[in-house]
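Let me begin by presenting the structure, written as structure tokens, before commenting on it.
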Amino acid sequence: MASNFRQDMPPPGGYSGIEWARRAPRRGFGGYATFGIYAGISVVGLTLHYFSLQNRKKDELEMREGRIAIHPLILAERQRMFLKQLRKNRDEENELMKSVPGWETGTLWGEPVYHNLVDRFPWVNPEEYFAHASPKDMYDRIYEKRHH
């Protein structure tokens, strides 16, 4: 046996209306507000940029002063190492040429190799300076740009 038939009916008072009209979205900030926000962000950004530039200038000044202060020490150390190497070369020349009669260290067949005026630093040919080193070491020092 079948149960009682019951038809679906709308709710009392009916269904609500269907919204089919286009609704405009809520508008954002106005022109003055947008310009004010832009100006505020720009002022804050430029202020931070200005202070970062000031800090960078202070850091660069400190580094420059440090380099200026240490330059004489580095130059003196470089010249000291240069003279130590020249001394090693002279000692090696003495050792190598001790059996040659009449050989005078620092001369080439009696002519002085170094013509040094008073208070002048000697210029030495790189081949002579690196005479007792490997050619690779010599070229690495002469053409230092290979490592930069």
Inset, instruction - Confirm whether Lys84 is in a helix (DSSP H, G or I), modelled with pLDDT of 95 or more, surrounded by 10 or more Cβ atoms within 10 Å (Cβ to Cβ) and of a type outside the set (Ser, Thr, Tyr). - result: no
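Mind counting the residues in the range 24-59 that are assigned to a helix (DSSP H, G or I) and among the basic types (Lys, Arg)? Outline the logic, then answer.
First pass over the range 24-59, keeping only residues assigned to a helix (DSSP H, G or I): 31-59.
Checking the rest, the ones that are also among the basic types (Lys, Arg) come to 56-58.
Counting residues in the range 24-59 that are assigned to a helix (DSSP H, G or I) and among the basic types (Lys, Arg) gives 3.
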Legend entry - Members of the range 14-56 that are modelled with pLDDT under 95 and charged (D, E, K, R): Glu19, Arg22, Arg23, Arg26, Arg27
Inset, instruction - May I ask you to list pairs of residues, at least six apart or on different chains, whose Cβ atoms are under 6 Å apart, with the first in the range 95-110 being within 18 Å of Val124 (Cα to Cα) and the second being surrounded by 12 or more Cβ atoms within 10 Å (Cβ to Cβ) and polar (S, T, N, Q)? - result: Thr105/Asn94
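Do we have Glu62 as under 32 Å from the mean Cα position of the chain (by Cα) and assigned to a helix (DSSP H, G or I) here? Give the steps one after another, and end with the answer.
Working: under 32 Å from the mean Cα position of the chain (by Cα): yes; assigned to a helix (DSSP H, G or I): yes.
So Glu62 passes the test.
Can Pro11 be described as at pLDDT below 95, loosely packed, with under 10 Cβ neighbours inside 10 Å and under 30 Å from Tyr129 (Cβ atoms)?
Working: at pLDDT below 95: yes; loosely packed, with under 10 Cβ neighbours inside 10 Å: yes; under 30 Å from Tyr129 (Cβ atoms): no.
It is false that Pro11 is at pLDDT below 95, loosely packed, with under 10 Cβ neighbours inside 10 Å and under 30 Å from Tyr129 (Cβ atoms).
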Legend entry - Members of the range 94-129 that are modelled with pLDDT of 85 or more and assigned to a loop (DSSP other than H, G, I, E, B): Met97, Lys98, Ser99, Val100, Pro101
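The values are calculated or read from the model by the stated rules, or taken from the named source; none is laboratory data. Computed from a predicted structure; not experimentally measured. When we count neighbours, we look across all protein chains shown, and the Cβ atoms used for this are built from the backbone with ideal geometry, even at glycine.
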